[in-house]
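A.B. asks: Here's a structure for you.
The values are calculated or read from the model by the stated rules, or taken from the named source; none is laboratory data. No experiment lies behind these values; they were computed from the predicted model shown. Please note: Cβ atoms are built from the backbone with ideal geometry, for glycine as well, and neighbour counts cover all protein chains shown. Just the protein is used for accessible areas: all its heavy atoms, side chains included, with ligands, DNA and RNA removed. Shrake-Rupley method; radii C 1.70, N 1.55, O 1.52, S 1.80 Å.
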Amino acid sequence: MKEIKLGPKEQIHKSIVEACKKGKDKARYELYQLYSKAMFNVCYRIMNNREEAEDMLQEAFTQAFMKIESFRWESSFGTWLKRIVVNTCLNAINKKKVELTYCEEIYHYDKPEEEEEAEVQFTVANITRAMELLPEGGRMVFSLYLLEGYDHTEIAQIMRITESTSKSQFMRAKRRIIEILKEQKSRGL
(Lines give C-alpha, C1' and ligand atoms only; values in the text may rest on other atoms or scores of the structure.)
Protein backbone atom coordinates (compact mmCIF):
# COMPACT_ATOMS: atom_id res chain seq x y z
CA MET A 1 0.00 0.00 0.00
CA LYS A 2 1.08 3.52 -0.78
CA GLU A 3 1.48 5.60 2.35
CA ILE A 4 0.55 9.27 2.16
CA LYS A 5 2.83 11.90 3.65
CA LEU A 6 0.78 13.83 6.15
CA GLY A 7 1.15 17.50 7.01
CA PRO A 8 1.24 18.83 10.60
CA LYS A 9 -2.56 19.22 10.83
CA GLU A 10 -3.15 15.66 9.62
CA GLN A 11 -0.47 14.39 12.06
CA ILE A 12 -2.54 15.81 14.93
CA HIS A 13 -5.63 14.05 13.61
CA LYS A 14 -3.58 10.89 13.03
CA SER A 15 -2.71 10.67 16.71
CA ILE A 16 -6.38 11.14 17.61
CA VAL A 17 -7.48 8.48 15.12
CA GLU A 18 -4.82 6.07 16.38
CA ALA A 19 -5.97 6.70 19.98
CA CYS A 20 -9.53 5.96 18.81
CA LYS A 21 -8.34 2.67 17.38
CA LYS A 22 -7.05 1.83 20.87
CA GLY A 23 -10.52 2.50 22.31
CA LYS A 24 -9.85 5.85 23.99
CA ASP A 25 -13.15 7.61 24.67
CA LYS A 26 -11.48 11.04 24.89
CA ALA A 27 -10.13 10.58 21.35
CA ARG A 28 -13.61 9.64 20.10
CA TYR A 29 -14.98 12.79 21.67
CA GLU A 30 -12.23 14.89 20.04
CA LEU A 31 -12.91 13.38 16.60
CA TYR A 32 -16.61 14.02 17.08
CA GLN A 33 -15.89 17.65 18.00
CA LEU A 34 -13.63 18.08 14.96
CA TYR A 35 -16.00 16.61 12.38
CA SER A 36 -19.58 16.69 13.70
CA LYS A 37 -20.59 20.12 12.42
CA ALA A 38 -19.41 19.49 8.86
CA MET A 39 -20.91 16.00 8.83
CA PHE A 40 -24.21 17.30 10.22
CA ASN A 41 -24.37 19.69 7.26
CA VAL A 42 -23.90 16.75 4.88
CA CYS A 43 -26.67 14.83 6.68
CA TYR A 44 -29.01 17.80 6.62
CA ARG A 45 -28.53 18.43 2.91
CA ILE A 46 -29.37 14.82 2.14
CA MET A 47 -32.17 14.24 4.67
CA ASN A 48 -33.69 17.76 4.48
CA ASN A 49 -34.93 17.37 8.05
CA ARG A 50 -33.08 18.44 11.19
CA GLU A 51 -34.18 15.57 13.44
CA GLU A 52 -33.42 12.92 10.82
CA ALA A 53 -30.06 14.58 10.12
CA GLU A 54 -29.18 14.45 13.82
CA ASP A 55 -30.13 10.76 13.94
CA MET A 56 -28.07 10.00 10.84
CA LEU A 57 -25.09 11.88 12.28
CA GLN A 58 -25.15 9.76 15.43
CA GLU A 59 -25.62 6.57 13.40
CA ALA A 60 -22.72 7.48 11.08
CA PHE A 61 -20.35 8.23 13.95
CA THR A 62 -21.34 4.99 15.66
CA GLN A 63 -20.56 3.08 12.46
CA ALA A 64 -17.30 4.98 11.97
CA PHE A 65 -16.12 4.20 15.49
CA MET A 66 -17.06 0.53 15.03
CA LYS A 67 -15.15 0.40 11.72
CA ILE A 68 -12.22 2.64 12.67
CA GLU A 69 -9.84 -0.33 12.64
CA SER A 70 -10.40 -0.54 8.87
CA PHE A 71 -9.23 3.05 8.29
CA ARG A 72 -5.76 2.84 6.68
CA TRP A 73 -4.85 6.46 5.80
CA GLU A 74 -5.36 5.84 2.08
CA SER A 75 -7.44 9.03 2.15
CA SER A 76 -8.00 11.70 4.75
CA PHE A 77 -10.07 10.74 7.78
CA GLY A 78 -12.64 13.38 6.79
CA THR A 79 -13.09 11.83 3.35
CA TRP A 80 -13.48 8.36 4.86
CA LEU A 81 -15.99 9.62 7.44
CA LYS A 82 -17.96 11.60 4.84
CA ARG A 83 -18.41 8.45 2.75
CA ILE A 84 -19.85 6.68 5.81
CA VAL A 85 -22.15 9.66 6.48
CA VAL A 86 -23.44 9.75 2.89
CA ASN A 87 -23.99 5.98 2.81
CA THR A 88 -25.76 6.06 6.18
CA CYS A 89 -28.17 8.73 4.95
CA LEU A 90 -28.84 7.00 1.65
CA ASN A 91 -29.38 3.66 3.37
CA ALA A 92 -31.92 5.26 5.72
CA ILE A 93 -33.77 6.75 2.77
CA ASN A 94 -33.75 3.39 0.99
CA LYS A 95 -35.03 1.63 4.12
CA LYS A 96 -38.02 3.93 4.17
CA LYS A 97 -38.75 2.54 0.72
CA VAL A 98 -39.64 6.02 -0.36
CA GLU A 99 -39.72 6.18 -4.10
CA LEU A 100 -37.51 9.06 -5.09
CA THR A 101 -39.45 11.60 -7.06
CA TYR A 102 -37.26 13.04 -9.73
CA CYS A 103 -37.65 16.55 -10.99
CA GLU A 104 -38.82 15.64 -14.50
CA GLU A 105 -41.85 13.89 -13.04
CA ILE A 106 -43.03 17.09 -11.39
CA TYR A 107 -41.80 20.06 -13.36
CA HIS A 108 -41.97 20.88 -17.03
CA TYR A 109 -39.53 23.44 -18.23
CA ASP A 110 -40.51 25.77 -21.03
CA LYS A 111 -37.82 28.34 -20.46
CA PRO A 112 -37.90 31.20 -22.94
CA GLU A 113 -34.47 31.76 -24.42
CA GLU A 114 -34.56 35.50 -23.80
CA GLU A 115 -34.80 35.07 -20.00
CA GLU A 116 -31.81 36.44 -18.16
CA GLU A 117 -30.50 34.35 -15.26
CA ALA A 118 -28.18 37.15 -14.13
CA GLU A 119 -31.05 38.99 -12.42
CA VAL A 120 -31.40 36.30 -9.74
CA GLN A 121 -29.47 36.74 -6.49
CA PHE A 122 -27.28 33.65 -6.03
CA THR A 123 -26.28 33.48 -2.38
CA VAL A 124 -25.58 30.41 -0.28
CA ALA A 125 -28.59 31.16 1.92
CA ASN A 126 -30.94 31.61 -1.06
CA ILE A 127 -29.74 28.44 -2.77
CA THR A 128 -29.95 26.45 0.47
CA ARG A 129 -33.56 27.57 1.01
CA ALA A 130 -34.40 26.76 -2.61
CA MET A 131 -32.82 23.30 -2.28
CA GLU A 132 -35.23 22.49 0.53
CA LEU A 133 -38.09 22.86 -1.96
CA LEU A 134 -36.66 20.38 -4.47
CA PRO A 135 -38.02 16.84 -4.72
CA GLU A 136 -35.89 14.35 -2.82
CA GLY A 137 -34.17 12.75 -5.83
CA GLY A 138 -33.15 16.03 -7.44
CA ARG A 139 -32.08 17.51 -4.12
CA MET A 140 -29.86 14.53 -3.36
CA VAL A 141 -28.14 14.56 -6.76
CA PHE A 142 -27.69 18.35 -6.59
CA SER A 143 -26.25 18.14 -3.08
CA LEU A 144 -23.94 15.21 -3.78
CA TYR A 145 -22.60 16.80 -6.97
CA LEU A 146 -22.35 20.48 -6.15
CA LEU A 147 -21.87 20.51 -2.39
CA GLU A 148 -20.22 17.19 -1.59
CA GLY A 149 -18.00 17.02 -4.68
CA TYR A 150 -18.99 13.61 -6.02
CA ASP A 151 -18.90 13.16 -9.79
CA HIS A 152 -21.84 11.75 -11.75
CA THR A 153 -20.27 8.28 -11.97
CA GLU A 154 -19.98 8.10 -8.17
CA ILE A 155 -23.51 9.48 -7.69
CA ALA A 156 -24.86 6.87 -10.10
CA GLN A 157 -23.21 4.11 -8.08
CA ILE A 158 -24.30 5.50 -4.71
CA MET A 159 -27.92 6.09 -5.74
CA ARG A 160 -28.18 3.08 -8.06
CA ILE A 161 -29.17 5.19 -11.05
CA THR A 162 -27.53 5.72 -14.42
CA GLU A 163 -24.90 8.37 -14.94
CA SER A 164 -27.11 10.12 -17.50
CA THR A 165 -29.96 10.20 -14.95
CA SER A 166 -27.59 11.81 -12.46
CA LYS A 167 -26.59 14.45 -15.00
CA SER A 168 -30.14 15.19 -16.05
CA GLN A 169 -31.30 15.36 -12.42
CA PHE A 170 -28.55 17.82 -11.63
CA MET A 171 -29.50 20.05 -14.57
CA ARG A 172 -33.21 19.90 -13.74
CA ALA A 173 -32.55 20.65 -10.07
CA LYS A 174 -30.33 23.57 -11.09
CA ARG A 175 -33.05 24.97 -13.37
CA ARG A 176 -35.69 24.50 -10.66
CA ILE A 177 -33.54 26.35 -8.13
CA ILE A 178 -33.23 29.25 -10.58
CA GLU A 179 -37.03 29.22 -11.00
CA ILE A 180 -37.56 29.20 -7.24
CA LEU A 181 -35.13 32.09 -6.78
CA LYS A 182 -36.90 34.08 -9.53
CA GLU A 183 -40.28 33.39 -7.89
CA GLN A 184 -38.94 34.54 -4.54
CA LYS A 185 -37.47 37.68 -6.10
CA SER A 186 -40.75 38.54 -7.82
CA ARG A 187 -42.54 38.19 -4.46
CA GLY A 188 -39.91 40.36 -2.81
CA LEU A 189 -38.53 37.59 -0.57
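A.B. asks: Answer yes or no: is there a residue in the stretch 70-82 that is open to solvent by 70 Å² or more (accessible area, probe 1.4 Å) and modelled with pLDDT of 90 or more.
C.D. replies: For the stretch 70-82, residues open to solvent by 70 Å² or more (accessible area, probe 1.4 Å) and modelled with pLDDT of 90 or more: absent.
A.B. asks: Here are LYS97, LYS111, LYS185: which of them is modelled with pLDDT under 85 and on the phi > 0 side of the Ramachandran plot? Full working, then the answer.
C.D. replies: Working: LYS111 fails: on the phi > 0 side of the Ramachandran plot; LYS185 fails: on the phi > 0 side of the Ramachandran plot.
Matching residue, one of LYS97, LYS111, LYS185: LYS97.
A.B. asks: In the stretch 29-37, is there at least one residue being basic (Lys, Arg) and in contact with a helix residue (DSSP H, G or I) (Cβ under 7 Å, 6 or more places away or on another chain)? Before you say what the answer is, go through the steps one by one.
C.D. replies: Step one: filter the stretch 29-37 for residues basic (Lys, Arg), giving 37.
Filter once more, keeping what is in contact with a helix residue (DSSP H, G or I) (Cβ under 7 Å, 6 or more places away or on another chain): none.
Checked against the condition, which is being basic (Lys, Arg) and in contact with a helix residue (DSSP H, G or I) (Cβ under 7 Å, 6 or more places away or on another chain), the stretch 29-37 yields no hits at all.
A.B. asks: Could you list, in sequence order, all residues of the stretch 30-74 that are touching a residue at least 40 places away in the same chain (Cβ under 8 Å) and assigned to a loop (DSSP other than H, G, I, E, B)?
C.D. replies: Initially, the stretch 30-74 is screened for residues touching a residue at least 40 places away in the same chain (Cβ under 8 Å), giving 31, 35, 38-39, 42-43, 45-48, 52, 65, 68-69, 71-74.
Matches in the stretch 30-74: ASN48, PHE71, ARG72, TRP73, GLU74.
A.B. asks: Out of the stretch 170-188, which residues are open to solvent by less than 20 Å² (accessible area, probe 1.4 Å) and touching an Asp or Glu at 6+ places or on another chain (Cβ under 8 Å)?
C.D. replies: ILE178
A.B. asks: Quick one: in the stretch 20-59, of everything that is of a type in the set (Gly, Ala, Ser) and more than 13 Å from the chain's Cα centre (by Cα), which residue is most open to solvent (accessible area, probe 1.4 Å)?
C.D. replies: Within the stretch 20-59, the first condition is being of a type in the set (Gly, Ala, Ser), and the residues that meet it are 23, 27, 36, 38, 53.
Now narrow it down to the ones that are more than 13 Å from the chain's Cα centre (by Cα): 23, 27, 36.
Numbers: GLY23: 39, ALA27: 6, SER36: 18 Å².
In this case the residue turns out to be GLY23.
A.B. asks: Which ones in the stretch 121-163 are polar (S, T, N, Q) and open to solvent by 20 Å² or more (accessible area, probe 1.4 Å)? Break it down into steps so the answer makes sense when it comes.
C.D. replies: In the first step, residues of the stretch 121-163 are kept if they are polar (S, T, N, Q); the result is 121, 123, 126, 128, 143, 153, 157, 162.
The answer is GLN121, THR123, ASN126, THR128, THR153, GLN157, THR162.
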